[in-house]
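Please read the structure below before turning to the comments.
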Number of protein chains: 2
Amino acid sequence: MFCKYHVFFCCNQREAGEPCCARLGAQKMRDYAKQRIKTLGLNGEGGVRINSAGCLGRCEKGPVVVVYPEGVWYTWIDEEDIDEIIEQHLQQGNVVERLLVK
Amino acid sequence: MFCKYHVFFCCNQREAGEPCCARLGAQKMRDYAKQRIKTLGLNGEGGVRINSAGCLGRCEKGPVVVVYPEGVWYTWIDEEDIDEIIEQHLQQGNVVERLLVK
């Protein structure tokens, strides 16, 4: 198994005026998550991989992130939300209900 | 379920001289796959979503594409390979052994 969890942050930039994850700080948050995973020692083969992705197609509900293999979709506002996804989902295997994309 | 299959093409561009999927035509092939899925009517909610992604971390084995939720990793050379992944894996649910990343 290349990675246990593969996490994709939508980092897509759309035209001015259209809702998009990039404008909501997605790239910066992806970088934060990647660093946090590294700090926790969760990265590497068989661990957690954090990726940027093109448009995930849920622009109105963004910023969004999807966790595979489960295919669980989350939205987030700040680093605390990302910390909770890391701690609850990626470390303990629990879905973070309050951040689920409806 | 937002999508039945979520397919990520690594489209990362690395520095000159380093192996990377972008230099092997990944973006163009991602565009081809997206169009092919649309032509076959497999796109849309509950269907197949084709995405570009940042570095998937398997640069030496690229170009690579990963299919979720299974987490099956493929490499490809030409459109025929992509057609086979679409027909066999995404339409019929069969893994294409010959294209698996070892």
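Nothing in this text is a laboratory measurement; each read-out follows from the coordinates by a stated rule. Keep in mind the model is a prediction, meaning the values are calculated, not measured. Neighbour counts run over all protein chains shown; Cβ positions are idealised from the backbone, glycine included.
Roughly what would the spin-label model give for A:Glu45 and B:Gln88, points 7 Å off Cα along C-beta, in nm?
In this crude spin-label approximation the distance works out to 2.4 nm.
Share of Cα-Cα pairs in chain B beyond 17 Å, in percent? Walk me through the numbers on the way to the answer.
Values: 2383 of 5151 pairs.
Looking at chain B, the distances longer than 17 Å represent 46 percent of pairs.
Hand me the chymotrypsin sites (Phe, Trp or Tyr not before Pro) from segment B:46-88 located in a DSSP loop with no more than 13 other Cβ atoms within 10 Å, in residue order please. Walk me through the numbers before you get to the answer.
On the way: sites: B:Trp73, B:Tyr74, B:Trp76; in loops: B:Trp76.
Within segment B:46-88, no chymotrypsin sites (Phe, Trp or Tyr not before Pro) qualify (loop, at most 13 other Cβ atoms within 10 Å).
In the protein assembly as shown, which cysteines lack any other cysteine Cβ under 4.7 Å from their own?
A:Cys3, A:Cys11, A:Cys20, A:Cys55, A:Cys59, B:Cys3, B:Cys11, B:Cys20, B:Cys55, B:Cys59 - these cysteines have no disulfide-compatible partner (Cβ-Cβ under 4.7 Å) in the protein assembly as shown.
Rounded to the nearest 0.05, what FRET efficiency is calculated for A:Leu24 and B:Glu18 with R0 set to 25 Å and r the Cβ-Cβ distance? Intermediate values should be presented prior to the final figure.
Values: r = 31 Å, r/R0 = 1.25.
Result of the calculation: an efficiency of 0.20.
Under a crude label model (7 Å from the Cα following the beta-carbon direction), how far is A:Glu79 from A:Arg98 in nanometres?
With each label point 7 Å from Cα toward Cβ, the separation is 1.9 nm.
Give me a single rounded figure for A:49-55: the average over its residues of other chain Cβ atoms within 10 Å of their Cβ.
6
With unit charges on the beta carbon (Lys/Arg positive, Asp/Glu negative), name the residue among A:Leu40, A:Gln27, A:Cys55 whose Cα is farthest towards the positive pole of the charge dipole of chain A.
Of A:Leu40, A:Gln27, A:Cys55, it is A:Cys55.
Taking Cα pairs under 8 Å and at least six residues apart, what relative contact order does chain A come out at, in percent?
32
For the protein assembly as shown, what is the mean residue ellipticity at 222 nm derived from helices alone (per DSSP H run of n ≥ 4: -39500 (n - 2.57); sum divided by total residues; nearest 500 deg cm²/dmol)?
So the helix-based figure for the protein assembly as shown works out to -6000 deg cm²/dmol.
If the only charges are +1 at each Lys and Arg Cβ and -1 at each Asp and Glu Cβ, what is the size of the charge dipole of segment A:44-102 around the Cα centre, to the nearest 20 debye?
On the way: 5 positive and 11 negative charges, 78 e Å.
Dipole magnitude for segment A:44-102 comes out near 380 debye.
Explain nothing, just the number: dipole magnitude of chain B about its Cα centre with +1 on each Lys and Arg Cβ and -1 on each Asp and Glu Cβ, in debye rounded to the nearest 20.
280
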